[in-house]
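Structure first, commentary second.
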Amino acid sequence: MKLFEIPSAMEELIDQETGELKDEEQYLALAERLENGKEYIALQIKNLESDAEALAVQKDIFAKREKVARNAASRLKGYLSMLLDGATLKTDKVSVGWRKSKKVVLDDNFIYWAIENGETTFLREGHPEVNKTAVKEALEQGKELPYASLEETQNIQIR
């Protein structure tokens with residue numbers, strides 16, 4: 001018998017006219033089984049909440065380790081970039097090259113200029129924030145935007 005079936009089975013053991021128990025021994029056995037089931041569920045909840053807490057702690061530990069690893073890789077990329085100074089490196093184990101990219105460089109006054117001149121296509125909705133993708137596209141199409149420019153960069157590619 002499943003736990004959710006026990007209350008109705010217990011109800012069937014009660015005489016509806018007199019309110020007396022038809023089988024007191026079976027009724028008590030069902031009541032004990034119901035209490036044990038409730039306790040089991042409560043213990044399961046307690047264990048699952050404890051597991052969730054432990055997992056949250058592990059998640060934080062892994063997030064910190066990930067941040068440390070990413071920062072170390074970033075520092076080493078900078079150091080390798082300085083050592084290579086634009087040259088490529090090829091060995092049996094690794095290939096290092098360069099990829100050109102363009103980066104939007106904005107002056108602090110760009111947001112104010114965009115608001116004053118109604119250039120809302122360069123701003124995101126809500127709290128004024130620059131939409132760098134739109135600014136980059138406009139600059140690449142030759143539009144002059146004060147307080148904004150494109151800067152060509154060399155990004156290291158390690159394969």
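The values are calculated or read from the model by the stated rules, or taken from the named source; none is laboratory data. The shown structure was predicted, so the numbers you read here are calculated from the model rather than taken from an experiment. As a convention, Cβ positions derive from the backbone with ideal geometry for all residues, glycine included, and neighbour counts pool all protein chains shown.
Consider only pairs whose beta carbons are under 9 Å apart and that are at least six residues apart or on different chains; among these, list those whose first residue lies in segment 35-55 and is without any contact (Cβ under 8 Å) to a residue 40 or more places away in the chain and whose second residue is surrounded by 10 or more Cβ atoms within 10 Å (Cβ to Cβ).
Short answer, once both residue conditions are applied: 37/3; 37/6; 38/3; 40/3; 41/3.
Based on this model, can you work out whether residue 75 counts as under 27 Å from the mean Cα position of the chain (by Cα) and without any contact (Cβ under 8 Å) to a residue 60 or more places away in the chain?
So residue 75 passes the test.
Say whether the condition of being closer than 30 Å to residue 157 by Cα and not acidic (Asp, Glu) is met by at least one residue in segment 51-59.
yes
Condition test on residue 46, is it part of a helix (DSSP H, G or I), surrounded by 11 or more Cβ atoms within 10 Å (Cβ to Cβ) and out of contact with any helix residue (DSSP H, G or I) (no Cβ under 8 Å at 6 or more places or on another chain)?
The answer is no for residue 46.
Do we have any residue at all in segment 117-135 that's under 25 Å from residue 85 (Cβ atoms) and surrounded by 12 or more Cβ atoms within 10 Å (Cβ to Cβ)?
No.
The rows are residues; the columns are (1) of a type outside the set (D, E, K, R); (2) in a helix (DSSP H, G or I); (3) more than 19 Å from residue 149 (Cβ to Cβ); (4) in contact with a Gly (Cβ under 6 Å, 6 or more places away or on another chain).
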{"residue": "69", "(1), (2), (3), (4)": "yes, yes, yes, no"}
{"residue": "75", "(1), (2), (3), (4)": "no, yes, yes, no"}
{"residue": "102", "(1), (2), (3), (4)": "no, no, no, no"}
{"residue": "114", "(1), (2), (3), (4)": "yes, yes, no, no"}
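On the basis of being part of a helix (DSSP H, G or I), more than 30 Å from residue 134 (Cβ to Cβ), outside the structural domain of residue 129 (by TED's automatic domain parsing) and among the polar types (S, T, N, Q), does residue 26 make the cut?
Yes; evaluated as a whole, the condition is true for this residue.
What are the residue pairs meeting all of these: first residue in segment 81-95, first residue at positive phi, second residue part of a strand (DSSP E or B), Cβ atoms under 8 Å, and 6 or more apart or on different chains?
86/98; 86/154
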